[in-house]
Amino acid sequence: MTGHGSESSFFVATYALTSFVTGAFSLALLIKYATNLSNLIIHRPQKCGKYPMTIGVPLVRQLWDKFGIQAVKFCTIGGSALVLSSVLLYALTEYGHLWYVYSNWVAAVLGQVFAFCGYKYWAFRVRKGQAAYTTKRQVCIHWLVWGGSLVISTCLIYSLTTYVHIWYLASSWVASGASGASNFFAHRYWTYSTK
């Protein structure tokens, strides 16, 4: 066995799910209360040199209006796919006796099949006839975006586990977090864009 054989898959799934839920709620609360706090602290635009600079509420509200609900849905699907991938990675490595890099690949592919369905039909849902691409093309673009992420993820998980001596599962969580923001924007503006 590799890694920490004494950890159970229940612990791993619970930890990953708890981390995801805590992060999602923290983000939602931060956005909600940052807006309220900004209302109390900042009443007028500030000046930066000769140009007006809007601080606080307008910026937070613009970001929430543009990305808010969709970003929360994206994080929900991504977090669920991360939990699924983590459980598979752990099970394949500890019980299937696969090298953690191979286990990561298998877990990542299955997690992305789940993620594609969630993104297409929930997070980035587009009305029928409004999608810029057909489903077949969306699948290709999704896998292309994910392929770039997989290269980065594999390099990170290998480097963190081999050279920094971080547990392979924790390394996979760091790698997933590192690619999350770029994936959101790639999917929003390319994979699931509208006409």
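Worth pointing out:
- Whole-Hz Karplus values for segment 86-93 come out as 5, 5, 5, 4, 4, 5, 5, 6 Hz, taken residue by residue from phi with 6.51 cos²θ - 1.76 cosθ + 1.60 and θ = phi - 60°; glycine and proline positions read x.
- Stretched out straight at 0.36 nm per residue, the stretch from residue 181 to residue 163 would grow longer than its current Cα-Cα span by 4.0 nm.
- HN-Hα J in Hz across segment 114-126 - Karplus 6.51, -1.76, 1.60, θ = phi - 60°, x for Gly and Pro: 4, 5, 4, 4, x, 5, 5, 9, 9, 5, 10, 4, 10
- Length released on extending from residue 122 to residue 97, taking residue separation times 0.36 nm less the Cα-Cα span: 5.5 nm
- Remark: spin-label model distance residue 114-residue 190 equals 2.5 nm, labels positioned 7 Å along the Cα→Cβ axis.
- Simple spin-label estimate for residue 61 and residue 139 in nanometres, 7 Å along Cα-Cβ: 4.4 nm
Read-outs: derived from the displayed coordinates by stated rules, not from any lab. Note that the coordinates shown come from a computational prediction; the quantities given were computed from them, not determined experimentally. Neighbour counts run over all protein chains shown; Cβ positions are idealised from the backbone, glycine included.
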